[in-house]
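One structure below.
The values are calculated or read from the model by the stated rules, or taken from the named source; none is laboratory data. Predicted model only: the values in this text are computed from it and were never measured. Every residue, glycine as well, gets a Cβ built from its backbone with ideal geometry; the counts of neighbours run over all protein chains shown.
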Amino acid sequence: MTGKIVNIAGYRFVDLPDRDALKNPLESVCLDLGLKGTILLSNEGINFFVAGLQANVDAFIAYLERDERFTDIPLKVSYTTYQPFNRVNVRKKKEIISVGLDHIRPHENTGEEIEPQAFKAMLDAGQPVHVLDTRNDYELRIGTFDNAIDLDIRTFRAFPKAIEALPESMKDEPIVMFCTGGIRCEKASAIMMEAGFTNVKQLKGGVLGYFEQVGGEHWNGDCFVFDQRVAVNPSLEETEIVVCFACREPLSSEEQASEDYVIGDSCPYCIGRTNVTPISGQ
């Protein structure tokens, strides 16, 4: 452990018809425990990223697991020397990962998971497989797997339309898709299966799970994360990537050295633009 603040992220697709009743108790528990972060609740499940002292994080998980729907949720754990969130925010949403397709139900039908070790072995052996990055364009700029397919999407909502442009031949060929922590892949695999793709797997635990279990082989760059760290390397350490305060684009060290980068004003991606729309969500 390299810091005293424990950061945990987890999700589960599960029917939550009582979504509204869960909000206030979860918020109260986080406030009582001094935890900060974001918890998303929808009828399709829960998605959370919270941070605090180890004992309080443990107490939060114990509280969650009093509800059998939330037992044994796989967690991504990292450590920082500071609190990466400003407050606790428990939000009710239509979807825990927005794509705009209400009929997609990942907890009922989704692609098979592939363990990071098995995926690495596949890449080591040069087995024929399409590696599909389901993340947003600004995330890919920071890092991705060797030879990964870039769908060139700005947000996950563009994913269903983007896969329509994939070659028809891919529908029966092996595909391994990945995202940061697994949540987008789980939903994306269900969307692809509905679209007729028959051999779809999702990388278990996403990029962060791959880093944790097998390291950074076959990966180029860092991994964008949706908190104040901005990006982590394959050792799960915070990197020098920052975001532009004006447009929220992630910036490498080289881009930060650009004369177009003026803190709080502009960067190479938004200089000269009159209508700057910050990136947001996943």
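Residue-by-condition table, conditions (1) of a type in the set (Val, Ile, Thr); (2) in contact with a Phe, Trp or Tyr (Cβ under 7 Å, 6 or more places away or on another chain); (3) surrounded by 19 or more Cβ atoms within 10 Å (Cβ to Cβ); (4) not assigned by TED's automatic domain parsing to the domain that holds residue 143:
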| residue | (1), (2), (3), (4) |
| --- | --- |
| 191 | yes, yes, yes, no |
| 202 | no, no, yes, no |
| 216 | no, no, no, no |
| 227 | no, yes, no, yes |
| 231 | no, yes, yes, yes |
| 250 | no, yes, yes, yes |
| 254 | no, no, no, yes |
| 266 | no, no, yes, yes |
| 271 | yes, no, no, yes |
Subject >> Selection count, segment 239-248, where residues are at pLDDT 90 or above and surrounded by 13 or more Cβ atoms within 10 Å (Cβ to Cβ) >> reply: 5
**OP:** May I ask you to list the residues in segment 250-269 that are touching an Asp or Glu at 6+ places or on another chain (Cβ under 7 Å) and either among the polar types (S, T, N, Q) or closer than 16 Å to residue 138 by Cα (or both)?
**Re:** 253, 266, 267, 268, 269
Subject >> Set 38, 110, 81: member being of a type in the set (S, T, N, Q) and farther than 30 Å from residue 192 by Cβ >> reply: 81
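Yes/no per residue for (1) surrounded by 21 or more Cβ atoms within 10 Å (Cβ to Cβ); (2) among the hydrophobic types (A, V, I, L, M, F, W, C); (3) closer than 26 Å to residue 204 by Cα:
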site: 11; (1), (2), (3): yes, no, yes
site: 17; (1), (2), (3): no, no, no
site: 31; (1), (2), (3): no, yes, no
site: 45; (1), (2), (3): yes, no, yes
site: 81; (1), (2), (3): no, no, no
site: 100; (1), (2), (3): no, no, yes
Subject >> Any hit, segment 145-167, residues being closer than 29 Å to residue 236 by Cβ, surrounded by fewer than 21 Cβ atoms within 10 Å (Cβ to Cβ) and touching a Pro at 6+ places or on another chain (Cβ under 8 Å) >> reply: no
Original post:
Do we have residue 123 as in a strand (DSSP E or B) and not β-branched (Val, Ile, Thr) here?
Top reply: no
